[in-house]
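Every number here is computed from the coordinates shown, using simple stated rules; none is lab data. This is a predicted model, so every value here is computed, not measured. Please note: Cβ atoms are built from the backbone with ideal geometry, for glycine as well, and neighbour counts cover all protein chains shown.
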Amino acid sequence: MSYEYIKFGKEEREFRQKIEEISGENIFSCYQCGKCSAGCMFSDKMDRTVNQQILRIQLGQKEKVLSANTHWVCASCLTCSVRCPRDIDVAAIMEAIREYTLREEPEKIKISELPKKVLEKLPNIALVANFRKKTG
Amino acid sequence: MVQYSYFPGCNLKTNAKGFEETAIAVSKKLNVELVEIPNWNCCGTVHTMTSDNIMKRIAPVRVLSRSKKHIETLEESPNQVVTLCSMCNSTLKIVSKEVSDNQDTLDKINYQLEDDELTYENDIEVKHFLEILRDSVGYEGISKKVVKPLKGLKVSPYYGCMLLHPEEAKIDDEEMPDVLESLVESLGAELVMSPLFKYCCGSYHIVDQENIVSSQVEKIVEAATRRGANALVVACPLCSYNIDQQQKAMAKESAGFKPIPIFYFTQLMALAMGEPVKINHFKEHFINPEPLLKELGLIGRKKTK
């Protein structure tokens, strides 16, 4: 059995602090009860649950956090935020992970590559909301 | 007649025309006229949850300050701006709470608004039309205007996320709401409760991750139909589009799937109050509600004035 050592270096701390800065939340408020993931209606489509992502941010594991699809599956319905017993705005943390990525690479979705048919048939709120969430 | 400053938002002008036209028609009947703000802009649809991005907060504050100017020109108007779209409702409410808590942010935004000769002073309240119906009109006032009770329509309320989340924007209790339920009952329709009343429809994922939306919609519709519903009532143009359009796609794929029509709550009100059917714009729905309404004798057969 192999062990993975937990590192607490400068890189780990900086990642965690950046997420805290963007979201305005204290990531260490979380005590891993899992209520956010239990109530999340998209949990079955995520490769890491919401509370797992939060634990990884606490540990500063940047690559693991960013490589999961969790924050891109999150649709900001805010169910987790209103239910959190520690009053953490969990959805804001998901938004912070998205923003962290978008501030480096601002195009998660390439608008110019969307087929014209899609652009024409979709309601404006779907497009505006999507572009605001997925472009920097 | 009380006049409200009304912020439509973009979708009410494109693919939710039936929502707006019916709302304006029933509002006149109930003496709470909705008067559209001149030269409004998009509120930004989704609220930014970042703590450090002021730019994304300028658009909703501009809407609020324009509405304030508009209210001054109205008669008997309370200091409130009314929205129909639940996403606009939540965006405007959150931002107005944020700037009232944080003077520094407001000053920075006001500095940006100088070019438009606007300032915002935290002096306006955002209301969803459902709140006006509940608090100012009252369900009794609504049922008095009903000329054609919606008998036979088994409606399941679907709130979606943005009417109930977050704390700053909710129009009712987030886990046990009853505003749509009471409204449906006051119109004479049968109420069907579904546990998935706020199960997110997938929202803006419809643009690039349609599979997420379709699996959500399948569960929402299944939960409602299994309990006997033959229609859903919604308040959000995006929920409506997602559920409506995905159902059509699902019906094409599997013959066993039975789609149910989606109504905006104002469409049900307009039907019950005997407004002309054409303001509902049923032709724009993917699942046309007209066959069901005809079968139940709610439209067609007898002509009502």
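Isolated cysteines in chain A, defined as those with no second cysteine Cβ under 4.7 Å, comprise A:Cys30, A:Cys33, A:Cys40, A:Cys74, A:Cys84. Scalar couplings 3J(HN,Hα) for region A:85-100, obtained by applying the Karplus form with A = 6.51, B = -1.76, C = 1.60 to θ = phi - 60°, are x, 9, 6, 8, 7, 4, 4, 5, 5, 4, 4, 5, 5, 4, 4, 4 Hz; x denotes Gly and Pro. Which whole number gives the average, over all residues in B:163-171, of C-beta atoms from other chains lying within 10 Å of the residue C-beta? Counting Cβ atoms of other protein chains within 10 Å of each residue's Cβ and averaging gives 3. Once you reduce region B:107-130 and region A:1-30 to the center of their Cα atoms, the two points are 37 Å from each other. Distances between placed amide hydrogens fall under 5 Å for B:Glu36 paired with B:Tyr6, all partners being 5 or more residues away or on another chain.
What does the average come to when, for each residue of peptide B:37-48, you count the partner chain Cβ atoms lying within 10 Å of its Cβ? Write down the numbers at each step before the final one.
On the way: counts 0, 0, 0, 0, 0, 3, 2, 3, 10, 10, 4, 6.
Across B:37-48, the average partner-chain Cβ count within 10 Å equals 3.
Look at the stretch A:96-107: the mean tally of other chain Cβ atoms within 10 Å of its residues' Cβ atoms is 1. For the protein assembly as shown, the calculated P(r) over all alpha carbon pairs, in 20 Å bins from 0 to the bin holding the longest distance, is 25, 56, 18, 1 percent. Which FRET efficiency, nearest 0.05, do B:Glu117 and A:Asp87 yield, Cβ-Cβ r, R0 51 Å? Calculated transfer efficiency: 0.80. When each of the peptides A:27-40, B:217-230, A:109-122 is scored by the mean number of other C-beta atoms lying within 10 Å of its residues, the order from highest to lowest reads B:217-230, A:27-40, A:109-122.
All Cα-Cα distances of region B:250-305, cut into 5 Å bins from zero to the largest, leave 4, 17, 26, 26, 12, 8, 6, 1, 0 percent in each bin in turn. Here the 3J(HN,Hα) profile of region B:212-226, calculated from phi with Karplus coefficients 6.51, -1.76 and 1.60 at θ = phi - 60°, is 4, 4, 5, 6, 5, 4, 4, 5, 4, 5, 4, 4, 6, 5, 4 Hz, Gly and Pro shown as x. With 22 Å as the limit, the listed pairs A:Lys121/B:Lys13; B:Lys13/B:Lys97; A:Lys10/A:Lys45; A:Lys133/B:Lys219 have B:Lys13/B:Lys97; A:Lys10/A:Lys45; A:Lys133/B:Lys219 beyond it between alpha carbons. What number comes out for the charge environment of A:Lys108, summing +1 per Lys or Arg and -1 per Asp or Glu over other residues with Cβ under 10 Å away? Result for the local shell: +1. Kirkwood hydrodynamic radius of region B:48-98, from the reciprocal of the average inverse Cα-Cα distance over all distinct pairs: 12.0 Å.
Highest mean packing comes first when the peptides A:74-86, B:27-39 are listed by Cβ atoms within 10 Å, giving A:74-86, B:27-39. Around the amide H of B:Val126, modelled in the peptide plane, lie the amide H atoms of B:Val81, all under 5 Å away and 5 or more residues distant in sequence or on another chain.
With an 8 Å Cα cut-off and a minimum separation of 6 or more residues, compute the relative contact order for chain A in percent. The value is 25 percent. Measuring r between the beta carbons of A:Ser67 and B:Glu295 and using R0 = 56 Å, the FRET efficiency lands at 0.60. 3J(HN,Hα) along region B:107-117, derived from phi through the Karplus expression 6.51 cos²θ - 1.76 cosθ + 1.60 where θ = phi - 60°, amounts to 4, 5, 5, 4, 4, 5, 7, 4, 4, 8, 6 Hz, with x in place of Gly and Pro. Only helices enter the 222 nm calculation for chain B: every DSSP H run of n ≥ 4 contributes -39,500 (n - 2.57), and dividing by all residues gives -12500 deg cm²/dmol, rounded to 500. Cross-link partners of A:Lys7 among lysines, defined as those whose alpha carbon lies under 21 angstrom from its own and excluding same-chain residues fewer than eight positions apart: A:Lys18, A:Lys62, A:Lys64.
Just to confirm a number: summing +1 for Lys and Arg and -1 for Asp and Glu over residues other than B:Pro60 whose beta-carbon lies under 10 angstrom from that of B:Pro60, what do you get? Mind showing how you got there, number by number?
Numbers: positive: B:Lys56, B:Arg57, B:Arg62, B:Lys93; negative: B:Glu98.
Every neighbour counted, the sum reads +3.
Amide H to amide H distances under 5 Å link A:Gly24 with B:Ser51, where only residues 5 or more positions off or on other chains count and H is placed in the peptide plane. How many angstrom lie between the Cα centre of region B:211-253 and the Cα centre of region A:44-60? That distance is 29 Å.
Within the straight-line cut-off of under 14 Å between alpha carbons, the aspartates and glutamates reachable from B:Lys145 are B:Glu185, B:Glu275, sequence neighbours fewer than 8 places apart in one chain being disregarded.
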